[in-house]
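Below is one structure, written out as structure tokens; the observations come after it.
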Amino acid sequence: MHEKANGDGPHVAGGVAPSGADQEFLDLERELTVLLRRARASQGEMAREVHPDLEPAAYGLLVRLDEHGSQRATELACYIGVGKATMSRQLRALEELGLVAREPDPADGRAWLVTLTDEGRGRVGSVRDARRARYVRKLAHWDRHEVAELARLLHRLNAGAGE
């Protein structure tokens, strides 16, 4: 059974839709699959806009640091959902590009905080401003309350993803 959306909502091509809540979850799976595919492509583009050598996965780290300030590598790894070795490798690459720096944690001299450099903050800010402008253009026909509701529901979904 192949499903497709044509702008009027989800439809099932060539068959009968499952009944009850199953259809809602199939619709959700399909729409998330499309969204995630587009998000991966977009993340790669944004990473290249920050720096041509930036790995797409590292873009999220830069955004996290931009929004929340300095953090320990272990906090970043937990937030992103990767292991210590992966986080260490990504941070080393970001340091080599001059986008982040490590500084001693004043609360614990044995630990280090990762922070955006001025260069990193400027580059991430420019890309985020451009991205936000694209969202405003693409969602111009949406009511602001709908945009807020979408953001709220995505936050709820993301918060539950780690469970």
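The values are calculated or read from the model by the stated rules, or taken from the named source; none is laboratory data. Treat the numbers as computed from the prediction; the structure is a model and nothing was measured. Methodologically, a virtual Cβ is constructed for each residue, glycine included, from the backbone with ideal geometry; neighbour enumeration extends over all protein chains shown. Heavy atoms of the whole protein, side chains included, go into the accessibility calculation; ligands, DNA and RNA do not. Shrake-Rupley method; radii C 1.70, N 1.55, O 1.52, S 1.80 Å.
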(request) Search region 41-58 for residues being touching a residue at least 24 places away in the same chain (Cβ under 8 Å) and within 17 Å of M87 (Cβ to Cβ), and hand back the single one that is farthest from the chain's Cα centre (by Cα). (result) L54
(request) Please identify the pairs in which a residue from region 140-155 that is within 28 Å of Y79 (Cα to Cα) has its Cβ atom under 9 Å from the Cβ atom of a residue that is in a helix (DSSP H, G or I) and of a type in the set (S, T, Y), counting only partners at least 6 apart or on another chain. (result) V147/Y135
(message) If I ask for residues that are assigned to a loop (DSSP other than H, G, I, E, B) and among the charged types (D, E, K, R), which ones from region 120-149 would you list?
(response) D143
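Here is a list: R156, R144. Which entry is open to solvent by 90 Å² or more (accessible area, probe 1.4 Å), charged (D, E, K, R), over 19 Å from Q43 (Cα atoms) and within 15 Å of the chain's Cα centre (by Cα)? If you could, list the steps in order and put the result at the bottom.
Working: R144 fails: within 15 Å of the chain's Cα centre (by Cα).
Answer to the selection: R156.
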(request) Show the residue pairs that are 6+ apart or on different chains and have beta-carbon atoms under 7 Å apart, the first residue being within region 20-40 and hydrophobic (A, V, I, L, M, F, W, C), the second being open to solvent by less than 90 Å² (accessible area, probe 1.4 Å). (result) L26/E3; L26/P18
(message) Based on this model, can you work out whether D129 counts as loosely packed, with under 11 Cβ neighbours inside 10 Å and either touching a residue at least 12 places away in the same chain (Cβ under 8 Å) or more than 28 Å from R102 (Cβ to Cβ) (or both)?
(response) no
